[in-house]
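This report refers to the structure that appears directly beneath it.
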Amino acid sequence: MQEPARNIVLIGPMGSGKSTVGSALARRLGRPHVDTDHFFVARHGSIAEYFITHGEEAFRAEEEKIVAELLDSPRPSVLSLGGGSVLSARTREALRRQLVVMLDLTAQQAAQRLGDGSTRPVLGDDPVTSWRRIYAEREALYRECADVVVPPAEGTIDERVDTIVSALRAVH
């Protein structure tokens, strides 16, 4: 596959595997991988603590700045965005100039992957119910931004990467 000059951006709900699949996809394509949540933590510390101290609105504003900064990098990368990144109209606009892949998953898969949700501040005390509500609120935004939607799958990480690479060939 000839490498597209744009960034490849993974979006989707919490637990969909954006970080893990993004890292494997970047290795396959010989590109750098940047996870915006990890970038945020390196710059500001714990997301949960940031939420407690500054609130969700401040977190979303800083997340939007980080995504813009990373999308502007001169070297095409694989970027894994936080699940709520698509809430920003500016981010959605910037994603129009990228190759965007939505990783989807079922509520059952999310429940298995998120456990008690203690590291995810927006999930609160009832992670599965919260995940379902958040997914319902964001699903249309994910699909609006996506050039490719990878359906829920139980396959290996390499199989998911194969699916993405094939799909990218079709849209590139």
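Couple of notes before you dig in:
- Other residues within the sphere of radius under 13 Å centred on the Cβ of residue 164, judged by their own Cβ, net out at +1 (K and R +1, D and E -1).
- Our helix-only sum for the chain, with -39,500 (n - 2.57) per DSSP H run of n ≥ 4 divided by its residues, gives a mean residue ellipticity at 222 nm of -17000 deg cm²/dmol.
- Ranked by how many other beta carbons lie within 10 Å on average, peptides 10-19, 142-151 from highest: 10-19, 142-151
- The simple Förster model, with R0 at 41 Å and r as the Cβ-Cβ distance, assigns residue 167 and residue 54 a FRET efficiency of 0.65.
- Radius of gyration over Kirkwood radius for the chain, both on Cα atoms: the Rg/Rh ratio is 0.94.
- As a size descriptor, the averaged projected area of the C-alpha convex hull of the range 1-94 was calculated at 6.1 nm².
- Virtual paramagnetic centre 7 Å along Cα→Cβ of residue 159, amide N under 20 Å, in the range 19-38: 19-26, 28
- Membrane-span-like helices in the chain, defined here as complete DSSP H runs extending at least 15 Å along the helix axis by their C-alpha atoms with mean Kyte-Doolittle hydropathy no lower than -0.5, are 18-29, 56-71, 157-171; this is a sequence and geometry rule, not a statement about a membrane.
- In the context of the full set of protein chains, the chain has a per residue accessible area of 50 Å² (1.4 Å probe).
The values are calculated or read from the model by the stated rules, or taken from the named source; none is laboratory data. These figures come from a predicted structure and were not determined experimentally. Ideal geometry is used to build each Cβ from the backbone, glycine not excepted, and the neighbour counts take in all protein chains shown. With ligands, DNA and RNA removed, areas are computed over all heavy atoms of the protein, side chains included. Shrake-Rupley method; radii C 1.70, N 1.55, O 1.52, S 1.80 Å.
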